[in-house]
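Asker: Submitted below is the structure of interest, expressed as structure tokens.
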Amino acid sequence: MKFFVNFIDKKIWNVITNRYLTPISETVSFEREHLDCVAMNIIISALDSNELLKVSKCISAEEMWNILKDWHKNPRSDLMDQEEYLLIQSLLKTS
């Protein structure tokens, strides 16, 4: 993922891996927000349904990245919570 995102734009990788900095102007803030949206789109496009469930409530690319990194270190370390279970069940019923 790192190489793919860097290929697209190094600024996007910086948005994924670095915390938001205090914006020095409204223009910088807007650009950062736009890059975060692009980064989130790239990440979501590469996920399977299990991974997508893990990051569906994230509000930033950095948050998504950190959750995915932790989950891939040990994907069975946490049990599925009730909300995830109900969502999966409802998706299976509609398909």
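Asker: If the cut-off is 18 Å between C-alpha atoms, which lysines fall inside it for K2, apart from same-chain ones fewer than 8 positions away?
Answerer: Straight-line reach from K2, under 18 Å: K10, K11, K69, K73.
Asker: Another question, if that's okay. Can you tell me which lysines have their Cα less than 25 Å from the Cα of K93? Leave out same-chain residues fewer than eight positions away.
Answerer: Output for K93: K54, K57.
Asker: What net charge is computed for the residues neighbouring C58, neighbours being all others with C-beta under 13 Å from the C-beta of C58, Lys and Arg scored +1, Asp and Glu -1?
Answerer: Cβ neighbours under 13 Å give a net charge of -2.
Taken together, the values in this text are just the output of simple stated rules run on the coordinates, not laboratory data. Worth saying up front: this structure is predicted, and the values here are computed from it rather than measured. FYI the Cβ positions are ideal-geometry reconstructions off the backbone, even for glycines, and counts take in every protein chain you see.
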